[in-house]
Structure formats: structure tokens, C-alpha cells
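What follows is a single structure, written as C-alpha cells, with notes after it.
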Amino acid sequence: MNFIFPQNYNFKNKLLGIIDYSTIFLNLIWDLFILILISFINSLNIKIFLFFIFCFPLFLFSFSGFNGESIIYVITYVLKFLIKPKLYLFEKNFTIH
């Protein structure tokens, strides 16, 4: 059986076909950063609460995605917009003759 893929087909390597490897590494780095920050807190309940508050939203966005875009690309697009915002307004002049 031969499979024919179009030339413009973008084949992305994903873990179990769900999440990009670059997104997994970003999640792991963020989780380790949060673990290091909350390691100074004594209460286990507060540690668990803070870990879920700071890590779970990124984890959800990693799985759901933004229309198939990797979360790393979305973060770079948002940062580029925040650094140099551009707003394009187009005005159409309708004249009736």
C-alpha cells in the first residue's frame, strides 16, 4: 500500500500524535522553574495549589492548541506584538455615481 503525501504537507513529529516535542520541553522547563520557586514554601497544600495554578493553564493550552499552532509560536507572536504593536485600519470610500 502506497501513501501519497502532497508536497506542501507539513509533517510534524508529535508524541502520541497529540503534542509537539518542543512544547513538551517548554512545559517541562516551566514546571521545573515553578518547582524551584515554590520549593521554599513549607506547606505541602500551598505547594500543590501554586503548582496547579501556574502550570495547569499552560498544560491545557499545550493540548488544545491554537488552531494547530505550537504554543511556542503563539508565545513568540504575542511577544512580538507586545514589543512592537501594529494596528492596521483600512478605510473604504464608497462613492455612488
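The values are calculated or read from the model by the stated rules, or taken from the named source; none is laboratory data. Just so you know, these numbers come straight off a predicted model, no measurement behind them. Quick reminder, even Gly has a Cβ in these numbers, built from the backbone with ideal geometry, and neighbours come from all protein chains shown. To get the accessible areas, we keep the full protein, side chains included, count just its heavy atoms, and leave off ligands, DNA and RNA. Shrake-Rupley method; radii C 1.70, N 1.55, O 1.52, S 1.80 Å.
Quick rundown of the values:
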item	result
Sole exception among (1) assigned to a loop (DSSP other than H, G, I, E, B); (2) touching a Gly at 6+ places or on another chain (Cβ under 9 Å); (3) of a type outside the set (A, V, I, L, M) for residue 94, by number	(2)
Extreme residue, most open to solvent (accessible area, probe 1.4 Å), among residues of region 26-69 that are among the hydroxyl-bearing types (Ser, Thr, Tyr) and within 22 Å of the chain's Cα centre (by Cα)	64
Residues located in region 74-97, provided they are open to solvent by 90 Å² or more (accessible area, probe 1.4 Å) and at pLDDT below 80	86, 87, 88, 89, 90, 91, 92, 93, 94, 95, 96, 97
Residues (touching a Gly at 6+ places or on another chain (Cβ under 9 Å) and among the hydroxyl-bearing types (Ser, Thr, Tyr)) located in region 19-73	23
Single match in 83, 96, 72 (criterion: in contact (Cβ under 8 Å) with a residue 12 or more places away in the chain and aliphatic (A, V, I, L, M))	72
